[in-house]
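Enquirer: If you scroll down you'll find the structure; I have some questions about it.
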Amino acid sequence: MRAGLLLCAAATALLSLGLASPANAQRGGDPPDNATTRAQLTADQPVRGSLEAGDADWYRLNVTAGQMYTITMNSAEGEGALADPYLILLDSSGNEITRNDDAGGTLNSRLRYMPQQSGEVFVAARAFSDQDSGAFVLGVTASTPPPDNAGNDMSSSARLSVGEGVTDDIAYEGDTDWYRLSTTAGRLYTITLDSAGEGEGQLADPLLIVHNAAGEAINSNDDAEPGTLNSRLVYYAREDGDVWVEARGLSESYTGGYRLAAAESMPPADPATADATTRARIRAGQLISANLDYPGDSDWYRLSVSGGRTYRIWLTSDQGAEQPLGDPLLRVLDASGAEVTQNDDAGASLNSYVEYTPDRSGHVFIEAAGFDGAASGAYTLRVEMARR
């Protein structure tokens, strides 16, 4: 009898020390759903927890900069399992970093995270529906990430060359790959970003961004056309130099393989060039229908003016065309190409209108462009001289 009591006491002591596997969630009860939690998550030491309806359990996780952390939240085995786990990662201030609902074709959750600095983050375990309850197992592993050929910013040494595609992958949640592309003034660059690989190894929804030499985003594309999640954009180089091409997923939680490529071409012949050398003309009383042929295109028209007379100028999206210009931008420039006046939206519309009265006779330039600098499409330009 005494031996049996000793065995029971020993078993009770082991359980109170949390030596069962997976470990108990937190000493003293359920982890809170905020940064006051004392529950600790440690690499290679999964914990078992249980959620009530509307509940969320927060865990502290110490991370080291440059390490890759794979965090999983799975339904526990047996009866009373949580039907649809939902995993959220937050920084030390409680701000969300990333989240995942369903991973690998299951209802379980998984995310990867590579911190830029060492410290503490929070892992929040919850159900996809606030109505759900049940048991779950939460785990984390740490590893050294594979070499990344393309960095996450302008410090990247990766290059994209015209006619030579690159196949790589977004390795972890929040990863992005930057490539330097050398461009020549007056050329068009068609850049494509496609999913690559097989099955779940593909980047689910590629997002393509072009940055100027200072790192500022100047153009982007998510879905190139209806029915595809791949990305494509056209960039017109106004000067020689380098730009940065960023490949990433639409969501920071997306990872997987991609194919990035760039092709160079000459823009189509256009009498309305984007500078004072333009051969295009417009006169008072005339209406012209034309197109911005590619993203970033703009058309300059030479207009002869009489000093003291007022000119009314309209730039309108051609809604009857297959691809109308979305948001026209109208500018008047003097004979040297310096801006005199401009208009983006006239009244409640996205069309543009200006009235211009020159001090003296001569010529000016009328520029038809898109507001965002990366637009293309059909427009109409009209000039009238106001009656005295």
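The values are calculated or read from the model by the stated rules, or taken from the named source; none is laboratory data. All values reported here derive from a predicted model rather than from experimental measurement. Counting neighbours? That spans all protein chains shown, and the Cβs are built from the backbone with ideal geometry, glycine included.
Enquirer: State yes or no: is residue 167 surrounded by 13 or more Cβ atoms within 10 Å (Cβ to Cβ) and in contact with a strand residue (DSSP E or B) (Cβ under 6 Å, 6 or more places away or on another chain)?
Expert: no
Enquirer: What number of residues within the range 100-118 satisfy the criterion of being closer than 23 Å to residue 153 by Cα and touching a residue at least 60 places away in the same chain (Cβ under 8 Å)?
Expert: Number satisfying all stated conditions: 4.
Enquirer: Out of the residues in the range 110-165 meeting the condition of being assigned to a loop (DSSP other than H, G, I, E, B) and under 27 Å from residue 82 (Cα atoms), tell me which one is nearest to the chain's Cα centre (by Cα).
Expert: Looking at residues that are assigned to a loop (DSSP other than H, G, I, E, B) and under 27 Å from residue 82 (Cα atoms), I get 128.
Enquirer: Just the residues that are among the polar types (S, T, N, Q) and at pLDDT below 95, please, taken from the range 337-388.
Expert: 349, 376
Enquirer: Looking only at the range 74-101, how many residues end up being in contact with an Asp or Glu (Cβ under 8 Å, 6 or more places away or on another chain) and part of a loop (DSSP other than H, G, I, E, B)?
Expert: 5
Enquirer: Starting from the range 175-186, keep only residues that are under 26 Å from residue 68 (Cβ atoms), then list their pairs with residues that are of a type in the set (Val, Ile, Thr) and not in a loop (DSSP other than H, G, I, E, B) whose Cβ atoms are within a distance under 6 Å, requiring at least 6 positions of separation or different chains.
Expert: 179/245
Enquirer: Here is a check on your reading of the model: is residue 127 touching a Pro at 6+ places or on another chain (Cβ under 8 Å) and crowded, with 19+ Cβ neighbours inside 10 Å?
Expert: So residue 127 passes the test.
Enquirer: Mind listing whichever residues of the range 375-388 are farther than 17 Å from residue 290 by Cα, touching a strand residue (DSSP E or B) at 6+ places or on another chain (Cβ under 9 Å) and assigned to a loop (DSSP other than H, G, I, E, B)?
Expert: Residue satisfying the conditions is 386 alone.
Enquirer: What's the total number of residues in the range 41-61 that are exposed (fewer than 15 other Cβ atoms within 10 Å of the Cβ) and over 17 Å from residue 75 (Cα atoms)?
Expert: Selection size over the range 41-61: 1.
Enquirer: Checking residue 157 against (1) polar (S, T, N, Q); (2) farther than 22 Å from residue 266 by Cβ; (3) at pLDDT 95 or above, which single condition isn't satisfied?
Expert: (3)
Enquirer: Output the residues belonging to the range 194-209 that are at pLDDT 95 or above and under 13 Å from the mean Cα position of the chain (by Cα).
Expert: Within the range 194-209, 206, 207, 208, 209 meet the criteria.
Enquirer: Quick check on the range 353-376: of everything there that is of a type in the set (Gly, Ala, Ser) and more than 19 Å from residue 283 (Cβ to Cβ), which residue is nearest to the chain's Cα centre (by Cα)?
Expert: Taking the candidates together, the pick is 374.
Enquirer: Checking the condition touching a Lys or Arg at 6+ places or on another chain (Cβ under 9 Å), among the hydrophobic types (A, V, I, L, M, F, W, C), in contact (Cβ under 8 Å) with a residue 12 or more places away in the chain and part of a strand (DSSP E or B), which residue from 207, 233, 260 passes?
Expert: Answer to the selection: 207.
Enquirer: From the list 230, 212, 219, pick out the single residue that is at pLDDT below 90, outside the structural domain of residue 110 (by the TED database) and polar (S, T, N, Q).
Expert: Just a single option satisfies the conditions, and that option is 219.
Enquirer: Taking the residues in the range 238-257 that are in a strand (DSSP E or B) and not hydrophobic (A, V, I, L, M, F, W, C) as candidates, determine which candidate is farthest from residue 203 (Cα to Cα).
Expert: Within the range 238-257, the match that is farthest from residue 203 (Cα to Cα) is 241.
Enquirer: Counting just the residues of the range 175-193 that are modelled with pLDDT under 95 and not polar (S, T, N, Q), which one comes out surrounded by the fewest Cβ atoms within 10 Å (Cβ to Cβ)?
Expert: Out of the qualifying residues, it is 185.
Enquirer: Residue check, residue 274 against (1) surrounded by fewer than 17 Cβ atoms within 10 Å (Cβ to Cβ); (2) over 24 Å from the mean Cα position of the chain (by Cα), all met but one. Which one?
Expert: Unmet for residue 274, out of (1) surrounded by fewer than 17 Cβ atoms within 10 Å (Cβ to Cβ); (2) over 24 Å from the mean Cα position of the chain (by Cα): (1).
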